Amino acid sequence: MNKMIMNRLTMLAVTLMASMACFAQGKMATTISDGKQVGDVFDYLELKYKVTGNSAGYTVQVIGFADAFEADPTKFDTSEEIDALNTVTIPHYIGKSTDVAVQVYVQSIADGALNTSDATLASKVTAITIDYVNNDKTQGIPVSIGENAFAGLTSVATVESKIPGAKVAAIPATSFATSVYKTATLKTPEKVMGKYTSKDGWKRFLKVTDGSFLLGDIDGNGSVTALDVAKFNKAYKTGVWTGLKKDAVDMNSDGSISAVEYAQFCKRYKELY
């Protein structure tokens, strides 16, 4: 009798677990459980991660989009309400909160991680944010970006990097799609645009802003053309900046235009235009 009861209870438990699994299928994971091992792969919100370290919290690498997100990229937000996706955020650090049980530091974005060939997914992502947090866990080390990391996201119009100028490093030329480099706007922290435009990969963005002005847009019309270069050449040589935005060509944001900055500007826009 007891054996029969135990068998029925076991069957009930299996059925319940199967039902829960079916219910969870297609849902975005919004919690991270403890006990993961190096090499484990898990989904959190719209991204898929691989554990690279598990001492005093976790270090992880972004390796792709979450399975449920790839299945239906048209509907997603952090609370799982129906909403259209616009921005993919690469977190630098996921701290302890009501929905995160452990500490997670995002170290890197793997080669080809978000290089999707899904046209629907590519069309929905119009912005990318790369976060930066300086605390004991991250130790101020920015998230590194691999080759072709975002190459498939061809509809991106804005790339915002919160990595400070002192920490920004070169990235592969293939990290973003060629069309994104040409048409998207790179937004940097204030007064460090020159730090980005001097680094390989980042310098391929034609449009760079810190929110105050567009780098190179000396006449303030919202675009950068050969005419801006000509006006800058004339202003630099004559010292007359009337009606022009001098800050827009101040490559290192120090309030003056040195001979080195002049050469940097001319080189950058000769390469781009």
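Separation between the S117 and D67 pseudo-spin-labels, each 7 Å from Cα along Cα→Cβ, expressed in nm?
2.1
Output the pairs from K167/K187; K50/K137; K199/K234; K187/K245; K162/K270; K124/K195 with a Cα-Cα distance over 23 Å in this structure; if there are none, say none.
K199/K234; K162/K270; K124/K195
To the nearest 0.05, how large is the calculated FRET efficiency for S55 and K167 if R₀ is 22 Å and r is the Cβ-Cβ distance?
0.40
Which ³J(HN,Hα) values, rounded to whole Hz and listed in residue order, are derived for the stretch 253-261 from phi using the Karplus coefficients 6.51, -1.76 and 1.60 in 6.51 cos²θ - 1.76 cosθ + 1.60 with θ = phi - 60°, glycine and proline given as x?
With the stated coefficients, the stretch 253-261 comes to 6, 10, x, 9, 10, 8, 4, 5, 5 Hz.
For V208, what is the net charge nearby, where nearby means another residue's Cβ is under 11 Å from its Cβ and Lys, Arg count +1, Asp, Glu -1?
Its environment carries a net charge of +4.
Would you mind putting 105-116, 229-240 in packing order, based on average other-beta-carbon counts within 10 Å, highest first?
For the peptides 105-116, 229-240, the packing ranking is 105-116, 229-240.
Here, each number is a calculation from the coordinates, and none is a lab measurement. Nothing here was measured: the structure is a model prediction, and the numbers come from that model. Neighbour counts run over all protein chains shown; Cβ positions are idealised from the backbone, glycine included.
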